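Student: The following block contains the structure, expressed as C-alpha cells.
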Amino acid sequence: MTQSTSQQRRDLYKLFGYCKDAETMHVQHITNGKFKTAKDLTIAQANALKKKLVTNWAYFNKDNQQHKYILSLMLQLGWSNIHPTCGEVADMYRLSSFLKSKRSPVPKPLQEMTPAETSKLISCLESMVTKSYSKP
C-alpha cells in the first residue's frame, strides 16, 4: 500500500478549500470511515477522491420532481446566472460546490442521492430560502 504523494495531497487540500472539516468529511467518505486525513490515503484513493471532487455533482434528472424543485429553490436563493439566449438559469457550479462543502447535509453527487437524501437537501435549501426572506 503506497501512500499518496505530496503533490496529490496539495491538490486535494486546494480542492478542500484548505478546510480541515471538508478534508475529514471527504476522506472518511472515500475510505468508509477508516481514515480522516489525506495523508492516510493510498495513491489510488487520492486519485479517486480528486476525480470525484473535480466532477460536477449537480447533474439533474429532468424527470425527477425532487430535482425540479431543487432548481426552483436555487432560483429563489438567487443561485442563478444570466444566459444569453435562455435568460435566468440555475447556477449548477454553485450547487456542485455547495454539495462538496461541509455545509451540505448530504455530501455526494445529486444523481447518487436516494430520495430520502434528496429530501434532506431540499429541507436545507428551504431553510436557506426562509432565512433569506426573513432578513430585514
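Student: Net charge around L110, counting only other residues with Cβ within less than 15 Å of its Cβ (Lys, Arg = +1; Asp, Glu = -1)? Intermediate results must be reported in sequence, preceding the final value.
Tutor: Numbers: positive: K52, K62, K68, R94, K100, K108, K120; negative: D63, D91, E112, E117.
Within the 15 Å Cβ shell, the charges total +3.
Student: OK, next. Provide the net charge surrounding W79, with neighbours chosen by a C-beta distance below 11 Å and charges set as Lys +1, Arg +1, Asp -1, Glu -1. Numbers along the way, then the final one.
Tutor: Details: positive: R94; negative: E88, D91.
Local charge sum for W79: -1.
Student: On a 0 to 90 degree scale, rounded to 10, what angle separates helix 20-30 from the longest Cα axis of the chain?
Tutor: Tilt relative to the chain: about 80 degrees.
Student: What angle, in degrees between 0 and 90 and rounded to the nearest 10, separates the Cα long axis of helix 115-134 from the longest principal axis of the Cα atoms of the chain?
Tutor: 60 degrees
Student: Apply the Karplus parameterisation 6.51 cos²θ - 1.76 cosθ + 1.60, with θ equal to phi minus 60°, to every residue of the range 93-104 and state each ³J(HN,Hα) to the nearest whole Hz, in sequence, with x for glycine and proline.
Tutor: 4, 5, 5, 4, 5, 4, 4, 7, 7, 6, 7, 6
Student: Something else now. For n ≥ 4 DSSP H runs only, could you compute -39500 (n - 2.57) per run for the chain, divide by its residues and tell me the 222 nm figure to the nearest 500? Walk me through the numbers before you get to the answer.
Tutor: Details: 6 runs with 75 residues, N = 136.
-17500 deg cm²/dmol, from helical runs alone.
Student: Next up: Using the number of other C-beta atoms within 10 angstrom as an exposure proxy, rank V27, V54 with the fewest first.
Tutor: On the way: V27 23, V54 10.
Listing V27, V54 from fewest to most nearby Cβ atoms yields V54, V27.
Student: Compute the longest continuous run of the chain that contains no exposed chymotrypsin sites (Phe, Trp or Tyr not before Pro); treat a site as exposed when its DSSP state is not H, G, I, E or B and it has at most 15 other Cβ atoms within 10 Å. If you can, show how the numbers build up before the last one.
Tutor: On the way: sites that count: Y18, Y59.
With a cap of 15 other Cβ atoms within 10 Å, the longest stretch comes to 60-136.
Student: Note down the net charge around G17, summing +1 for each Lys or Arg and -1 for each Asp or Glu among other residues with Cβ under 12 Å from its Cβ.
Tutor: Numbers: positive: K14, K20, K100, K102, R103; negative: D21, E23.
Neighbourhood net charge equals +3.
Student: Would you please calculate the Kirkwood hydrodynamic radius of the chain over all C-alpha pairs and express it in Å, rounded to one decimal?
Tutor: Numbers: mean 1/r = 0.0617 Å⁻¹.
Final number for the Kirkwood radius of the chain is 16.2 Å.
Student: If you don't mind, another one. Shape call for the range 6-54 from the C-alpha gyration tensor, a ≥ b ≥ c root eigenvalues: rounded (a/c under 1.5), prolate (a/b greater than b/c) or oblate?
Tutor: Numbers: a/c = 1.39, a/b = 1.09, b/c = 1.28.
It comes out rounded by the Cα gyration axes.
Student: Please compute the modelled spin-label separation between C19 and K120, points set 7 Å along Cα→Cβ, answer in nm with one decimal.
Tutor: Calculated label separation equals 1.6 nm.
Student: Sticking with this one: Specify the longest stretch of the chain that does not include any exposed loop site, a site being one of the trypsin sites (Lys or Arg not before Pro) with a non-H, G, I, E, B DSSP assignment and at most 14 other Cβ atoms within 10 Å. Display every interim value, and only then the final one.
Tutor: Working: sites that count: K34, K36, K62, R103.
In the chain, the maximal stretch lacking such sites is 63-102.
Student: On to the next question. Tell me, what is a quarter of the convex hull surface for the C-alpha atoms of the range 65-134, in nm² with one decimal? The partial results should precede the final answer.
Tutor: Numbers: hull surface 19.4 nm².
One quarter of the hull surface, i.e. the mean projection, equals 4.8 nm².
Student: Can I ask one more? Report the gain in length on full extension from E88 to T2: 0.36 nm times residue separation, minus Cα-Cα distance, nm rounded to one decimal.
Tutor: Working: separation 86, 0.36 × 86 = 30.96 nm, distance 4.76 nm.
Working it through step by step, the gained length comes to 26.2 nm.
Every number here is computed from the coordinates shown, using simple stated rules; none is lab data. Please read these numbers as outputs of a predicted model, since none were measured by experiment. Neighbour counts are summed over all protein chains in view; Cβ atoms, including those assigned to glycine, are modelled from backbone coordinates with ideal geometry.
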